[in-house]
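Colleague: Below you'll find the structure I mean.
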Amino acid sequence: MARWSATPPPRTGASLVMACAWLAAGCDVPTSPPEWETTWVVPGETVTIDVESLLPDAVTVAGDRSAFVLDLDPTGVDRTLGQVCDACRALDGMTAPKPAFSATFGSAVDLPADVVSASVASGTVEIRITNGFNFDPVRPGGDATGTIVVVVTNGGRVLGTDTIDGATESFPSGSVRTLTLDLAPGAVAGSIAVDLSVESPAGDPVAIDVDQVVDVTATPGDIRLAQAEVAVVDRAVEVEAGELDLEGVDDAMRDRIHGGAFRLAIANPFAVEGVVELTLASPEATLEKAVPLAQGESAPRVVFDGDELRVLAGHVVTFGGAGTVTAPSGTVTVMPSQALTIDAELELVLGPKEE
């Protein structure tokens, strides 16, 4: 049930004195009833525009709102023996001592569109390497051993690294190695690169086939962001639906509604602004009004006439809305706990019944 408050009508106790004054002056006594108005205020629920409305699809808010969750596509790269070993090309199809070679190659995954930068709190990248060569690149035979170093970087900053070291482990032909790298916290922007550096010493005789392939797939895991800088230009947003209880407005009161307004107290923590189309719906009608969204705190007042409000009276009214917002600077930095809040209350101005 709604909590009602009202501004009482003005007192009319001075009417007898005024009547005497009119009689003494020989004036006509007015016959129409006194004009009065009273204002009733009905509180509504607080509704929000959640921070998720400003995010691209690849970024969501964790259930406990402690972080954003970044969903990045896997990235992959492969190389043939001929691409990584120049000396092998001349030996293709022959059985010969495996030449020594060094090679660095990799791939990258871009941050989602509209994510300009982000602050990584935690995350992983899983690196899956399939050895399609017919030899072990880190233990090819003899005394020498090699290494495969995996490095994940962003803008020159190392986010994670791991090594397959032939001194302590083997990587036989046809086998698969999976490395899980923990990402270092910090700012990222642009793309995240995954690179392999292979140092393979000379080894035992082997059938050289330059078309054999080593394959690498990098799959980002549960990457969590403390904050993100996103581009916001004409971004569609939705106002969460709320309710306004007008069931206490009976027919007698409905006929005395002269007008009123939806009074809003908006707290906008985002550096965005725009317009939302506010919708109030009852079983009898749906009303729509444009509401400006400014940065910071604002208190817009949306005016309705008596006819509009009478179709809402006597019902539980749902209200919400949708619109677009833009960051004047082009981008806005957001955090997962943020939300734009709108406290709403309906002002009803009542007076004598209108004929």
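The values are calculated or read from the model by the stated rules, or taken from the named source; none is laboratory data. Just so you know, these numbers come straight off a predicted model, no measurement behind them. A quick note on method: Cβ atoms are made from the backbone with ideal geometry, for glycine too, and the neighbour counts reach across all protein chains shown. Heads up: the accessible areas ignore ligands, DNA and RNA and are worked out on the full protein's heavy atoms, side chains in. Shrake-Rupley method; radii C 1.70, N 1.55, O 1.52, S 1.80 Å.
Colleague: Considering only segment 245-269, how many residues are buried (at least 17 other Cβ atoms within 10 Å of the Cβ), part of a strand (DSSP E or B) and aliphatic (A, V, I, L, M)?
Modeller: Matching residues across segment 245-269 total 4.
Colleague: Does residue 242 fit the bill of being touching a helix residue (DSSP H, G or I) at 6+ places or on another chain (Cβ under 9 Å), part of a strand (DSSP E or B) and either open to solvent by 40 Å² or more (accessible area, probe 1.4 Å) or under 20 Å from residue 301 (Cβ atoms) (or both)?
Modeller: For residue 242, the condition - touching a helix residue (DSSP H, G or I) at 6+ places or on another chain (Cβ under 9 Å), part of a strand (DSSP E or B) and either open to solvent by 40 Å² or more (accessible area, probe 1.4 Å) or under 20 Å from residue 301 (Cβ atoms) (or both) - is not met.
Colleague: Which condition does residue 184 not pass, out of (1) touching a helix residue (DSSP H, G or I) at 6+ places or on another chain (Cβ under 9 Å); (2) within 21 Å of residue 121 (Cα to Cα); (3) of a type in the set (A, V, I, L, M, F, W, C), if it passes all the others?
Modeller: Among (1) touching a helix residue (DSSP H, G or I) at 6+ places or on another chain (Cβ under 9 Å); (2) within 21 Å of residue 121 (Cα to Cα); (3) of a type in the set (A, V, I, L, M, F, W, C), residue 184 violates only (1).
Colleague: Okay, moving on. What number of residues in segment 288-320 are open to solvent by 20 Å² or more (accessible area, probe 1.4 Å) and either in contact with a Cys (Cβ under 8 Å, 6 or more places away or on another chain) or assigned to a strand (DSSP E or B) (or both)?
Modeller: So the answer is 12.
Colleague: Moving on to the next point. Would you check which residues across segment 163-198 are of a type in the set (D, E, K, R) and closer than 18 Å to residue 139 by Cβ and list them?
Modeller: 165, 169, 177
Colleague: Same structure again: Look through 228, 236 and report the one residue that is within 18 Å of the chain's Cα centre (by Cα), assigned to a strand (DSSP E or B) and either free of Cβ contacts under 8 Å to residues at least 60 places away in the same chain or exposed (fewer than 15 other Cβ atoms within 10 Å of the Cβ) (or both).
Modeller: Of 228, 236, the one residue that is within 18 Å of the chain's Cα centre (by Cα), assigned to a strand (DSSP E or B) and either free of Cβ contacts under 8 Å to residues at least 60 places away in the same chain or exposed (fewer than 15 other Cβ atoms within 10 Å of the Cβ) (or both) is 236.
Colleague: May I ask you to say which residue of 185, 205, 201 is of a type outside the set (Asp, Glu), in contact (Cβ under 8 Å) with a residue 24 or more places away in the chain, within 25 Å of residue 97 (Cα to Cα) and open to solvent by 40 Å² or more (accessible area, probe 1.4 Å)?
Modeller: Within the list 185, 205, 201, the selection yields 205.
Colleague: Criterion first (more than 28 Å from residue 290 (Cβ to Cβ) and in contact with a helix residue (DSSP H, G or I) (Cβ under 6 Å, 6 or more places away or on another chain)) does residue 210 satisfy it?
Modeller: The answer is yes for residue 210.
Colleague: Hey, among the residues in segment 96-147 that are acidic (Asp, Glu) and surrounded by 19 or more Cβ atoms within 10 Å (Cβ to Cβ), which one's modelled with the highest pLDDT?
Modeller: Filtering segment 96-147 for residues that are acidic (Asp, Glu) and surrounded by 19 or more Cβ atoms within 10 Å (Cβ to Cβ), the one modelled with the highest pLDDT comes out as 136.
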